[in-house]
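Before any comments, here is the structure.
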Amino acid sequence: MRGDFIEENFTSQNQLVEELNMSRTPIVAALQRLQQDGFLKVVSNQGIVIQELSIKEINNIFEMRLAIELFSLQKIVGHLTADDFKNLDEIIEDQKKCCEDNDYFNFAHLDGDFHLYLLQVEGNGLFIQTMSNIKDKLFFNSTNFLRKQQSMMNFIREHERILKALKEENTDLAVKELEEHLQKGKLQLG
């Protein structure tokens, strides 16, 4: 998840046992879970291949995100509290610190937290569960392109514009900013 195998896109059980200084049993269990979740493929006598999302999978995920997030955003404009704005501002400030530290791993998590927070304000449990389920897949695939500080700064500025429109209770602008933000993310991952 940290992108340690981005370059090779490959590892082995033996390599993981050695690197993690663990017995084989918990590693095999973790690998089985990661394979079930579609993050990797264990190939007998060859090793472990790290799976990335296909372009079709990325497109499908972002189409679903656009539908869910834009719908939810329209419902919450005018209903966010001072605490909500404070929490969203804190996420953005934490993203800025990650950008300064070139901390792609935590930056990607915070990006997901920003979007998930907006869904939590809206309160549709099915939307929240759906986003939580795809968050790890998107996170795994986004860590690579976030390795550029410019990409991270662009995401921060886009989050700031979305938040500004929400504070102004400007539904049309908030929806426009979020849609552009998601479309750019889709293009960068796809």
Exercise. Taking the residues in region 81-105 that are among the charged types (D, E, K, R) and touching a residue at least 60 places away in the same chain (Cβ under 8 Å) as candidates, determine which candidate is nearest to Ala165 (Cα to Cα).
Key: Asp89
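Per-residue answers, yes or no, for (1) within 19 Å of Phe105 (Cα to Cα); (2) modelled with pLDDT under 75; (3) surrounded by 15 or more Cβ atoms within 10 Å (Cβ to Cβ); (4) not hydroxyl-bearing (Ser, Thr, Tyr):
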position: Gln32; (1), (2), (3), (4): no, no, no, yes
position: Gln36; (1), (2), (3), (4): no, no, no, yes
position: Ile50; (1), (2), (3), (4): yes, yes, yes, yes
position: Ile58; (1), (2), (3), (4): no, no, yes, yes
Quiz item: Of everything in region 38-48 that's part of a loop (DSSP other than H, G, I, E, B) and not polar (S, T, N, Q), which residue is surrounded by the most Cβ atoms within 10 Å (Cβ to Cβ)?
Solution: Phe39
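Check whether at least one residue in region 68-90 is of a type in the set (Phe, Trp, Tyr), open to solvent by 50 Å² or more (accessible area, probe 1.4 Å) and over 18 Å from the mean Cα position of the chain (by Cα), and report yes or no. Before you say what the answer is, go through the steps one by one.
Just the residues of region 68-90 that are of a type in the set (Phe, Trp, Tyr), to begin with: 71, 85.
Checking the rest, the ones that are also open to solvent by 50 Å² or more (accessible area, probe 1.4 Å) come to 71.
Filter again for over 18 Å from the mean Cα position of the chain (by Cα), leaving 71.
Yes - at least one qualifying residue is present in region 68-90.
Listed here are the residues, each with its yes/no results for (1) open to solvent by 30 Å² or more (accessible area, probe 1.4 Å); (2) among the aromatic types (Phe, Trp, Tyr); (3) modelled with pLDDT of 95 or more.
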{"residue": "Ile162", "(1), (2), (3)": "no, no, yes"}
{"residue": "Leu173", "(1), (2), (3)": "yes, no, yes"}
{"residue": "Lys186", "(1), (2), (3)": "yes, no, no"}
{"residue": "Gly190", "(1), (2), (3)": "yes, no, no"}
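Residues in region 91-123 that are open to solvent by less than 70 Å² (accessible area, probe 1.4 Å), under 24 Å from Thr171 (Cα atoms), in a helix (DSSP H, G or I) and not hydrophobic (A, V, I, L, M, F, W, C): how many?
In the first step, residues of region 91-123 are kept if they are open to solvent by less than 70 Å² (accessible area, probe 1.4 Å); the result is 91-92, 94-96, 98-99, 103-119, 121-123.
Then drop every residue that is not under 24 Å from Thr171 (Cα atoms), which leaves 91-92, 110-119, 121-123.
Next, from what is left, pick out any that are in a helix (DSSP H, G or I): 91-92, 110-119, 121-122.
Keeping just the survivors that are not hydrophobic (A, V, I, L, M, F, W, C) gives 111-113, 115, 117, 122.
So the answer is 6.
Which is out of contact with any His (no Cβ under 6 Å at 6 or more places or on another chain) and modelled with pLDDT of 85 or more, of Asp113, Asp136?
Values: Asp136 fails: modelled with pLDDT of 85 or more.
Checking each option against the conditions leaves just Asp113.
The values are calculated or read from the model by the stated rules, or taken from the named source; none is laboratory data. Only a predicted model underlies this, so the values are computations on that prediction, with no experimental measurement involved. Here the Cβ is made from the backbone with ideal geometry for all residues, glycine too, and neighbour counts use every protein chain on show. Only protein heavy atoms, including side chains, enter the accessible area calculation; ligands, DNA and RNA are left aside. Shrake-Rupley method; radii C 1.70, N 1.55, O 1.52, S 1.80 Å.
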